[in-house]
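Data block below; observations after.
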4 protein chains.
Amino acid sequence: MRDVHAEAPAHGRLRLRSVGLSGIRKPLVVQRPDRQNTLAVTFRVAVDLPSDRKGSDLSRNAEILAEVVDTTVTRPVDSLESACSSIARELLVRHAYATEAYVEASAEYFLRKGISEEKRSYEDYTLLAEARAVREPDGHVTLRRSVGAEAVGMTACPCAMETCRAKLLQEYPGLADPQFETLPMISHNQRNRTRLVFELEDAVEIEVDRVIAAIEASQSSPTYAILKRGDEGQVVLDAHRHPKFVEDVVRDLLASIPDRFPELADATGVRASTVSEESIHKYNVDAAHRLTLGELRRPLGP
Amino acid sequence: MRDVHAEAPAHGRLRLRSVGLSGIRKPLVVQRPDRQNTLAVTFRVAVDLPSDRKGSDLSRNAEILAEVVDTTVTRPVDSLESACSSIARELLVRHAYATEAYVEASAEYFLRKGISEEKRSYEDYTLLAEARAVREPDGHVTLRRSVGAEAVGMTACPCAMETCRAKLLQEYPGLADPQFETLPMISHNQRNRTRLVFELEDAVEIEVDRVIAAIEASQSSPTYAILKRGDEGQVVLDAHRHPKFVEDVVRDLLASIPDRFPELADATGVRASTVSEESIHKYNVDAAHRLTLGELRRPLGP
Amino acid sequence: MRDVHAEAPAHGRLRLRSVGLSGIRKPLVVQRPDRQNTLAVTFRVAVDLPSDRKGSDLSRNAEILAEVVDTTVTRPVDSLESACSSIARELLVRHAYATEAYVEASAEYFLRKGISEEKRSYEDYTLLAEARAVREPDGHVTLRRSVGAEAVGMTACPCAMETCRAKLLQEYPGLADPQFETLPMISHNQRNRTRLVFELEDAVEIEVDRVIAAIEASQSSPTYAILKRGDEGQVVLDAHRHPKFVEDVVRDLLASIPDRFPELADATGVRASTVSEESIHKYNVDAAHRLTLGELRRPLGP
Amino acid sequence: MRDVHAEAPAHGRLRLRSVGLSGIRKPLVVQRPDRQNTLAVTFRVAVDLPSDRKGSDLSRNAEILAEVVDTTVTRPVDSLESACSSIARELLVRHAYATEAYVEASAEYFLRKGISEEKRSYEDYTLLAEARAVREPDGHVTLRRSVGAEAVGMTACPCAMETCRAKLLQEYPGLADPQFETLPMISHNQRNRTRLVFELEDAVEIEVDRVIAAIEASQSSPTYAILKRGDEGQVVLDAHRHPKFVEDVVRDLLASIPDRFPELADATGVRASTVSEESIHKYNVDAAHRLTLGELRRPLGP
């Protein structure tokens, strides 16, 4: 049988940056200190292709996924990102002609949380992981990884709150009384999705629950599946006592990283992004930034 | 060439309820009194198939769409729903073996609106239309159509508002003063999508802008693309002065139909449904009902 | 605190058919004979609402999901559909004012399969389940459930195959030789998604792997994650030796049910539907039918 | 009224790379030589934010969209990308504190095409445009834009074709006869989505129909809405006479650019990417590359 992939390409003898599989779904079992988590993961796995080769042996990508991921059902791995690193490394082993391998993974993740102990329930989050393996000229392989999460929470707008305060003061002059200075005012509030991703040396592990905690602390309030009447009021109050623009969410999140993640190196990349699905508009509002932990740790200007 | 479609099916000599095309996109030009609208429509077009025939001649469906829809670029039609009726009728002409034809269409629709005359901008809505043609035993064809729309607006929760009022009264006892009786209190508010669909005799035309107006009047507030600071405050105030559960949105919408659409027959079917993308939960809340205009017009019990 | 939900609605004193939660995600652990499966399920849970009550106590729906679903992490259930039945039953217990409860669930499901024993890997499918509980006038509750699955496979078009045979015969007259009578000819082939759902008495359990097997047998060929060169050829050959219209997929699937599911009652409803994401068009082609097992078991006409 | 946006941020006094609106839908009218096209566009519009300012004045983004885009209903623009450039430029005018502005736009686009003149119909494509404006230290603004499209077509696999040829030769030895050397063999074929995007100086206009033509020429075959029986056979034959890996699609597309776009400068960036929705797998296969036109024009190695 002809090995069509190994033939020379007809036209366009170009190296290609990336050839791979995408949208492949796999169950992955992760061993956490206290329990096993089964994640349903969407993978993208790709390598580059040299200019003298017509095709990439893509069945190998599916085989690697079966070997690394499917086997976790009986032998769990430490984390989604460590599985990504193993896959990236193995891609370079089996695609001898490739010099770079990329793995991207996202998975739904359930955490048992609640506004109080007895109202805990599974809340859903998204895990994000990437690995990139490079075959250096001397033949050894270097690996970088990204680890992060997305959490859905709530934001209340600080600007509309002040506008409403001014409007209501005209209608209810008694609100000018100093006793009402801290009274939270109506505003628009909405579903907010925020992401935090770290770009790391391959060996570094980050407990994803800490990433989620950092995100939820940066929103006006986390949200919960089970809220009885009084709890709903509490979440609404908390959100209106911490009104946030998308700008505030990203800045507060980034500003919290040095204290929350003191063990990470200065060279660590930090990406934060957020989307508010505005209740008063049909469109979304978003903000994003990327910098290094070293830049975050430097004292800020006046 | 063999006509494989007209052959007898190998096994399973069953009549099939529906065989057709779906996800087919087409530009449709509609002539409104004051302007032309170009809609990008997603169609589903199908007919039934008798038990003695292997396949439906699906290329005829694509030809009908080209003839009825593509030609509107030069000869606009009156409405999306009248195009659906024409397509349904023609499906029965060209599929002589079929007894039923179904057409479903949805399209984005832009209306120029604003919180004030000078802040008008295009707001996006969804149009919904269906047509069903039946070949009666005596050979003549009867047609029914559905016409409707979906609008995105805002809801504020009446329950969390009362809970927050009670909580804040404890913290700010001065709020018990009668002057604050009507002071709108903080609550959770969110993006809400509401649909209204009428099921009609084929000949009846309904101005879709009236459908959208009915929906927006049933939400806590409509939303707008352009809101300067003071406008944002106004929308937030309006929404909190009209707090609504999803239940209220559906009931208020249905209750408004007899006055808003006095010309429609008692036999007209009315479907209303709504989804609130809750700001305090990661999930949605929804409500739905269907009844006839006759039922809506009957005096309600105590 | 005011119980706003229990108050009378302001306008539109209408009973509502359905008020509930949708898009709520939960992990559900199912105990199979040989292993545990963790499913990530999307639920919709709703009840009706009488005309004299403003709102439905929706936090109860979230509590029931936490009690029935979250606890399966330590106490697995038999099946997704039995969890739906438990939820539907409990909805009527805790919404004393409701007479109907609906539960809809869909979940990704992984089965370890392969074109051969050593090339097995996890393939992904979708599980579908529904439960409906009705409180009868005498107070007792009746339950109905739906159980089904969707599988992605491949279809090859029988009509284009015959057209290509005719075209190629003109170009290669030697193909008229009887030795080539069974030679499979080129055609268009594509990704196909097919669903089979049974509507059942509440107590009936159906092994979902049998549902998936029935679907895959009705497509031109199942598809697999791992296919080495020779295996790819085998799948392509199999598909072209079983060319199928969407009409054939639905009919062959329905025709196979009496033999595959002899234990199910005549009153069982059977819904089959299929979508081919046509390779030669930008749109999809679909077919659907619904009938009872009793109707399927009756001898078909000539 | 307090101008909350202009206040200093509470914590995290960081410059933010991007703050903006996303998912905003607008109708845009483009004047082509022979006709007007109404596009329904999804925009993302953003600017950066200096460290001393709490919020970005996002209502200005919506106002700019209304002024630049909404007005095209009466005064059409030349192209989607020229509208993006105008918006990017205006963003820097009205956000005096910003130094960078980004605009991203995608829109569905209909072209009347067919396998023959009398079978023409509207086929749908996606237009892609971006603009980036930078305020240089000397105050003047530089602009870059991206212009591209995505087209859905068909690919047939060259490898499975050779495998099937080998398998069928064993079963039908008569196929070894030289007369059958060019006989196209069965393979898997599927829906393929391919993108081509140019990164350009702001002033450069590219006729988008030429971009679509380049993409469709790189796939195994374009696809059409209307195909009668003989036409279907023709498309299937064409596709199997031009079997393509995703690697071939990207390389053939890139290799065709120097001849198809001789007027573009060497510094022009060229991005090509493709996704095949494999019929024999449940996952997709993709390939991507980026380089400059100058690199493409250099003679390739042996």
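The values are calculated or read from the model by the stated rules, or taken from the named source; none is laboratory data. All of these numbers come straight from a predicted model, not from anything done at the bench. Every residue, glycine as well, gets a Cβ built from its backbone with ideal geometry; the counts of neighbours run over all protein chains shown.
When the residues of segment A:177-209 are filtered to those that are surrounded by 21 or more Cβ atoms within 10 Å (Cβ to Cβ) and hydroxyl-bearing (Ser, Thr, Tyr), which remaining residue is farthest from A:Val270 (Cα to Cα)?
A:Ser187
So D:Arg195 passes all but one of these: (1) out of contact with any Asp or Glu (no Cβ under 6 Å at 6 or more places or on another chain); (2) away from chain B (no Cβ under 14 Å); (3) of a type outside the set (Ser, Thr, Tyr). Which condition number does it fail?
Result: D:Arg195 passes all but (1).
Return only the number of the condition from (1) crowded, with 20+ Cβ neighbours inside 10 Å; (2) out of contact with any His (no Cβ under 7 Å at 6 or more places or on another chain); (3) touching a residue at least 40 places away in the same chain (Cβ under 8 Å) that C:Asp78 does not satisfy.
(1)
Looking at segment B:198-231, which of the residues that are within 14 Å of chain D (Cβ to nearest Cβ) and among the charged types (D, E, K, R) is farthest from B:Leu111 (Cα to Cα)?
Ranking the qualifying residues of segment B:198-231, first place goes to B:Arg229.
Of A:Pro258, A:Pro299, A:Pro243, which residue is within 13 Å of chain D (Cβ to nearest Cβ), modelled with pLDDT under 95 and either surrounded by fewer than 21 Cβ atoms within 10 Å (Cβ to Cβ) or part of a loop (DSSP other than H, G, I, E, B) (or both)?
Result: A:Pro299 is the single residue among A:Pro258, A:Pro299, A:Pro243 that is within 13 Å of chain D (Cβ to nearest Cβ), modelled with pLDDT under 95 and either surrounded by fewer than 21 Cβ atoms within 10 Å (Cβ to Cβ) or part of a loop (DSSP other than H, G, I, E, B) (or both).
With respect to the numbered conditions (1) at positive phi; (2) within 14 Å of chain B (Cβ to nearest Cβ), which one is the sole condition not fulfilled by A:Gly174?
The single condition A:Gly174 does not satisfy is (1).
Could you please let me know if D:Ala96 is within 14 Å of chain B (Cβ to nearest Cβ), over 30 Å from B:Val68 (Cβ atoms), without any contact (Cβ under 8 Å) to a residue 24 or more places away in the chain and of a type in the set (A, V, I, L, M, F, W, C)?
It is false that D:Ala96 is within 14 Å of chain B (Cβ to nearest Cβ), over 30 Å from B:Val68 (Cβ atoms), without any contact (Cβ under 8 Å) to a residue 24 or more places away in the chain and of a type in the set (A, V, I, L, M, F, W, C).
If you check every pair at least six apart or on different chains, which have Cβ atoms under 9 Å apart with a residue in segment A:45-63 that is facing another protein chain (nearest Cβ under 7 Å) and crowded, with 24+ Cβ neighbours inside 10 Å first and a residue that is part of a strand (DSSP E or B) and among the charged types (D, E, K, R) second?
These pairs meet every condition: A:Leu49/A:Arg17; A:Ser56/A:Asp48.
Identify the single condition in (1) more than 28 Å from D:Ala6 (Cα to Cα); (2) at pLDDT 95 or above that A:Pro184 does not satisfy, given that it satisfies every other one.
(1)
Can you pull out the residues in segment C:5-39 that are closer than 16 Å to A:Ala40 by Cβ, surrounded by fewer than 20 Cβ atoms within 10 Å (Cβ to Cβ) and either at the interface with chain B (Cβ under 10 Å from one of its Cβ atoms) or in contact with a Leu (Cβ under 8 Å, 6 or more places away or on another chain) (or both)?
Selection gives C:Arg25, C:Val29.
Regarding D:Ala105, is this residue crowded, with 23+ Cβ neighbours inside 10 Å and more than 9 Å from every other protein chain (Cβ to nearest Cβ)?
Judged against the criteria, D:Ala105 is a match.
Condition test on A:Thr163, is it of a type in the set (Val, Ile, Thr), modelled with pLDDT of 95 or more and in contact with a strand residue (DSSP E or B) (Cβ under 8 Å, 6 or more places away or on another chain)?
no
Quick one: which of B:Met154, B:Met185, B:Met161 is part of a helix (DSSP H, G or I), touching a residue at least 24 places away in the same chain (Cβ under 8 Å) and under 34 Å from the mean Cα position of the chain (by Cα)?
Result: B:Met161 is the single residue among B:Met154, B:Met185, B:Met161 that is part of a helix (DSSP H, G or I), touching a residue at least 24 places away in the same chain (Cβ under 8 Å) and under 34 Å from the mean Cα position of the chain (by Cα).
So D:Gly148 ticks every box in (1) in contact (Cβ under 8 Å) with a residue 60 or more places away in the chain; (2) assigned to a helix (DSSP H, G or I) but one. Which box is left unticked?
Among (1) in contact (Cβ under 8 Å) with a residue 60 or more places away in the chain; (2) assigned to a helix (DSSP H, G or I), the lone unmet condition for D:Gly148 is (2).
State which residue is surrounded by the fewest Cβ atoms within 10 Å (Cβ to Cβ) when the search covers only segment D:261-290 and only residues that are more than 12 Å from D:Ser218 (Cα to Cα), of a type in the set (A, V, I, L, M) and touching a Lys or Arg at 6+ places or on another chain (Cβ under 8 Å).
By that ranking, first place goes to D:Ala288.
Any residue at all in segment A:91-101 that's within 24 Å of the chain's Cα centre (by Cα) and among the small types (Gly, Ala, Ser)?
yes
Would you tally the residues in segment B:116-146 being more than 10 Å from every other protein chain (Cβ to nearest Cβ) and within 23 Å of B:Arg193 (Cα to Cα)?
Residues flagged as more than 10 Å from every other protein chain (Cβ to nearest Cβ) and within 23 Å of B:Arg193 (Cα to Cα) within segment B:116-146 amount to 8.
Report, by residue number, each residue of segment D:276-291 that is under 21 Å from the mean Cα position of the chain (by Cα) and facing another protein chain (nearest Cβ under 7 Å).
Once the filter is applied, which keeps residues that are under 21 Å from the mean Cα position of the chain (by Cα) and facing another protein chain (nearest Cβ under 7 Å), segment D:276-291 yields D:Glu277, D:Asn284, D:Val285, D:Asp286, D:Ala287, D:Ala288, D:His289, D:Arg290.
I need the full set of residues from segment A:169-182 which are more than 40 Å from the chain's Cα centre (by Cα) and in a helix (DSSP H, G or I), in order please.
A:Leu169, A:Gln170, A:Glu171, A:Pro173, A:Gly174, A:Leu175, A:Ala176, A:Pro178, A:Gln179
Taking the options B:Ile226, B:Ile212, name whichever one is assigned by TED's automatic domain parsing to the domain that holds B:Met154, in a helix (DSSP H, G or I), surrounded by 19 or more Cβ atoms within 10 Å (Cβ to Cβ) and in contact with a strand residue (DSSP E or B) (Cβ under 8 Å, 6 or more places away or on another chain).
B:Ile212
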